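The values are calculated or read from the model by the stated rules, or taken from the named source; none is laboratory data. This structure is a prediction, so every number in the text was calculated from the model and none was measured. Note: ideal-geometry Cβ built from the backbone for every residue, glycine included; neighbour counts use all protein chains shown.
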Amino acid sequence: MRPLVILGSGGLGRQIIGLAQDVERESSAVKLLGFLDGGVDEPDVWGVPVLGGDDQLGELDADYVIGVGLPSARRRLDMMATELGREPATLVHSAAWLGLHTSVGAGSLIFETAHVVAGAEVGRHVMMEVNTFAGHDSRISDYVLMAGGASVGARAVIGAEVMLGIGSIVLGDVVVGDRAVVGAGAVVTKDVPPDAVVVGIPAKPTRLRRGRITA
Ligand SMILES: CC(=O)SCCNC(=O)CCNC(=O)[C@H](O)C(C)(C)COP(=O)(O)OP(=O)(O)OC[C@H]1O[C@@H](n2cnc3c(N)ncnc32)[C@H](O)[C@@H]1OP(=O)(O)O
């Protein structure tokens, strides 16, 4: 059993508590020690101890998962943790479904009811929330955040640090470029360039106004 810390105790970090506790109960692979979050003064969040800031990671004999939503911040935290010599934990809920010939990268979080269909590849530190779907032979690259209900069709490629909003759909064979943002409820029918923000059905480019991509 490996000790586990969650980096970040905001909404997404708190969401991971239940996943980590379920994995702990079911497989004894991890034991949740607490959060690392320098921005919190309280001794605990939802009963889980706050052990200090991210800089404490080097001092602890613990693996880590990333509890921050913004994909670029997820990458930065991973690089910091790797420099400190820490290993990511990979949490796959027993009620998630992984098909044949699928792979899930280190640090990824696969919540209950998520589906990774035959031949799909899921990268490093990907978050697949409840009811997400990675179609057969699709590729979900590193640090992608798939919010609840986001679906990716067969053979589609989702670039690194992409955010797929709640209930969005990417049709089969489509390529979504690195760091793109797909708004909640969008249906992506054509390739999306890197760094683009798309919304609507069919999805069209727009601009971030408030920049709150994970709200
Ligand atoms: C841990 C987690 O679960 S995190 C993920 C959960 N969160 C989500 O899925 C939310 C995804 N985010 C969105 O959909 C956002 O609305 C974004 C990123 C597309 C745009 O965010 P913002 O920059 O804040 O844009 P803002 O809210 O100011 O809207 C700009 C315009 O786009 C429209 N718009 C915003 N989002 C959408 C959408 N999903 N579909 C259609 N139109 C939209 C707005 O109505 C507005 O139109 P207007 O200019 O005609 O008034």
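Structure notes:
- The residues in segment 105-131 that are among the hydrophobic types (A, V, I, L, M, F, W, C), within 16 Å of residue 157 (Cα to Cα) and surrounded by fewer than 24 Cβ atoms within 10 Å (Cβ to Cβ) can be counted, and the count is 2.
- Tally, over segment 159-180, of residues that are within 13 Å of the ligand (Cβ to nearest atom) and either over 21 Å from the mean Cα position of the chain (by Cα) or under 19 Å from residue 133 (Cβ atoms) (or both): 9
- Residue within segment 22-35 that is assigned to a helix (DSSP H, G or I), of a type in the set (A, V, I, L, M) and within 16 Å of the ligand (Cβ to nearest atom) present: no
- Filter pass, residue 199 being in contact (Cβ under 8 Å) with a residue 12 or more places away in the chain, over 20 Å from the mean Cα position of the chain (by Cα) and surrounded by 14 or more Cβ atoms within 10 Å (Cβ to Cβ): yes
- Exclusive hit being assigned by TED's automatic domain parsing to the domain that holds residue 155, of a type in the set (Gly, Ala, Ser) and surrounded by 14 or more Cβ atoms within 10 Å (Cβ to Cβ), set 20, 96: 96
- Subset of segment 49-60 (residues that are within 20 Å of residue 15 (Cα to Cα) and either in contact (Cβ under 8 Å) with a residue 40 or more places away in the chain or exposed (fewer than 15 other Cβ atoms within 10 Å of the Cβ) (or both)): 49, 50, 51, 53, 54
- Qualifying residue in segment 198-213 (condition: at pLDDT 95 or above and either in contact with a Pro (Cβ under 8 Å, 6 or more places away or on another chain) or not assigned by TED's automatic domain parsing to the domain that holds residue 123 (or both)): yes
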